[in-house]
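Okay, structure first, notes after.
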Amino acid sequence: MLKQTPLNQRHHEANAKLVDFSGWEMPIHYGSQIEEHHVVRADAGMFDVSHMLPVDLKGEGARGFLRTLVANNVDKLQSTGKALYTCMLHEGGGVVDDLIVYFLNESWFRLVVNAGCADKDMAWLETQRDRLAPGLQIIPRRDLAMIAVQGPKAADKLWQAMPGTRELAAPLKPFNAVVVGDMFVARTGYTGEDGFEIMLPAKAAPFFWQALVEAGVKPCGLGARDTLRLEAGMNLYGQDMDERSTPLESGLAWTVDLKSERDFIGKDALLRLPLDKQLVGLKLLDRGVLRNHQPVFTAAGVGEITSGTFSPTIHASIALARVPAGVNLGDTVEVEIRDKRLKAVVVKYPFVRNGKALV
Amino acid sequence: MSIPANLKYAKSHEWARLESDGSVTVGITHHAQDLLGDMVFVENPTVGRKLAAGEECAVVESVKAASDVYSPIAGEVIAANADLESSPESINQDAYAAWMFRLKPDNAADLDSLMDAGAYQAFVDSEAH
């Protein structure tokens with residue numbers, strides 16, 4: 001039996017194509033994935049991301065706990081509502097999950113973790129809490145729904161749908177959040193566009209969703225969410241990194257703080273392991289579509305595509321690939337697609353930001 | 001969308017139409033494009049290639065996935081729809097108008113082994129359960 005979000009009924013009513021996503025019945029699209037993709041780049045779309053799990057850390061010692069738990073440095077979080085993207089590693093340096101940490105006050109931090117990792121993350125958090133901060137409360141918030149409203153017109157349409165959010169949410173800078181009544185509004189997302197991720201009580205979610213529809217925000221499925229995040233050069237857990245890869249070989253060195261004295265779980269391994277792999281962007285020069293797991297042949301050895309797709313914005317196929325160290329920007333590589341070797345060029349990513357193609 | 005009565009259908013979701021000149025036009029069904037979603041790439045067989053019935057001969061790729069296309073009957077490829085290279089989405093718009101390739105059949109009677117519209121509808125319904 002698949003789990004359902006508080007918006008499941010809305011998806012059925014909208015004739016969404018529903019699929020099993022990490023044990024949840026989720027919309028892959030509502031008719032056309034490409035149309036939904038373009039709406040987010042040019043206007044405003046929304047995603048039901050209630051399958052993701054918010055986890056509240058409450059009590060004394062929350063910051064100290066997070067200093068040890070995650071690879072990025074939570075001491076960067078000093079102002080109320082500030083958010084931080086980070087990986088949580090195991091001792092071997094592999095990625096348990098990637099998540100966002102929000103700082104509300106010294107005795108309240110909120111994490112948002114991936115749906116597919118939620119159970120394992122909770123177990124990991126509890127084990128580490130018992131070891132590091134026994135007094136800390138760890139509260140999974142399945143009572144909350146989460147809606148991501150994304151696109152250049154997301155803000156305007158959000159104010160229209162929920163005028164009460166405007167005063168507090170309009171001044172938010174990217175990667176900041178604010179509590180508005182029983183809602184938590186964050187200027188974050190997974191698309192490379194302006195937008196908000198809004199957590200609110202499950203019961204209120206269908207009403208809020210409907211208000212957004214009436215304000216002209218188009219419901220979009222996880223299919224478009226995937227092509228949007230890949231264009232935006234954002235990693236997907238389970239594809240671009242997992243427990244067998246470190247953040248350093250997953251293009252996430254910018255999220256790892258190795259400079260401070262602070263010790264964190266996995267730090268020793270990151271300092272010790274040879275850095276012989278890297279994540280790069282690829283753009284296909286020949287006709288075809290890059291897909292996950294296709295082998296990539298380079299002068300420095302063989303690599304593999306971790307996420308590949310057709311980019312609706314660029315009208316070409318793009319990918320993230322893990323390749324040997326020594327492969328450089330501008331190199332031409334070959335990707336094996338159905339017994340043929342097609343040419344691709346190594347490019348800097350993000351591929352698209354704020355509606356504009358960068359490659 | 002209703003299934004056209006004048007076409008024949010393969011279990012792998014291709015349609016085939018016998019033309020007045022004896023050639024057979026092949027495409028994928030509306031049901032197939034609906035399962036795959038937005039088309040972004042089509043690779044057709046080259047003209048002159050000889051195909052066996054059920055042979056893997058073309059590829060359609062949607063944003064979601066790549067899918068093989070099989071020849072519904074045996075024959076030689078005499079034309080391929082080059083328009084699909086630049087506008088693969090025409091398969092989504094009208095799968096029965098956006099033909100993929102045309103065959104000179106080894107034996108036109110082979111079409112009889114394929115399903116008619118009624119049988120294909122029943123087949124699609126049975127796959128859905």
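Values in this text are rule-based calculations from the coordinates and carry no lab data. Being a predicted model, the structure only gives us computed values, none of them experimental. Here the Cβ is made from the backbone with ideal geometry for all residues, glycine too, and neighbour counts use every protein chain on show.
So how far, in whole Å, is the C-alpha centre of region B:61-129 from the one of region A:53-73?
Comparing the Cα centres of region B:61-129 and region A:53-73, I get a distance of 55 Å.
Do you know the relative contact order of chain A, to the nearest whole percent, from alpha carbon pairs under 8 angstrom that are 6+ apart?
RCO, chain A: 18 percent.
Given labels modelled 7 Å from the Cα in the Cβ direction, how far is it in nm from A:HIS315 to A:GLU336?
The answer from the label model is 3.2 nm.
Over all residues in A:27-37, what is the mean tally of Cβ atoms on other chains that come within 10 Å of each residue's Cβ?
That works out to 3 on average.
Output the Kirkwood hydrodynamic radius of chain B, Cα pairs only, in Å rounded to one decimal.
14.5
Can you give the FRET efficiency to the nearest 0.05 for A:ALA269 and A:ARG166, using r as the Cβ-Cβ distance and R₀ = 56 Å?
Efficiency, rounded to the nearest 0.05: 0.75.
For the pair A:GLU304 and B:GLU55, what calculated FRET efficiency results from E = 1/(1 + (r/R0)^6), where r is the Cβ-Cβ distance and R0 = 25 Å, to the nearest 0.05?
0.25
Give, rounded to the nearest 20 debye, the magnitude of the charge dipole that region B:29-105 has about its Cα centre when Lys and Arg contribute +1 at Cβ and Asp and Glu contribute -1 at Cβ.
Dipole magnitude for region B:29-105 comes out near 340 debye.
Averaged across B:34-40, how many Cβ atoms of other chains sit within 10 Å of each residue's Cβ atom?
What the average comes to for B:34-40 is 5.
Check cross-link reach from A:LYS348 to the aspartates and glutamates: straight Cα distance under 14 Å, and skip same-chain residues fewer than eight apart.
A:LYS348 reaches A:GLU231, A:ASP331.
Work through the residues other than B:LEU51 whose Cβ is under 10 Å from its Cβ and net out their charges, Lys, Arg +1 and Asp, Glu -1.
-2
Arranged from highest to lowest average of other beta-carbon atoms within 10 Å per residue, in what order do the peptides A:89-101, A:242-254, A:37-49 appear?
A:37-49, A:89-101, A:242-254
What dipole magnitude, in Debye to the nearest 20, does the protein assembly as shown give about its Cα centre under +1 on Lys/Arg Cβ and -1 on Asp/Glu Cβ?
About 1520 debye.
Within the P(r) computed for chain A, what percentage of the Cα pairs occupies the region above 26 Å?
51
Between B:ASP116 and B:ALA5, what is the label-to-label distance in nm when each label sits 7 Å out along the Cα-to-Cβ direction?
Roughly 0.9 nm, to one decimal.
How many percent of the alpha carbon pairs in region A:79-233 exceed a separation of 28 Å?
The share of Cα pairs beyond 28 Å in region A:79-233 comes to 23 percent.
With n ≥ 4 as the cut-off for DSSP H runs, can you work out [θ] at 222 nm for the protein assembly as shown, using -39500 (n - 2.57) per run divided by the number of residues, rounded to the nearest 500?
-6000 deg cm²/dmol
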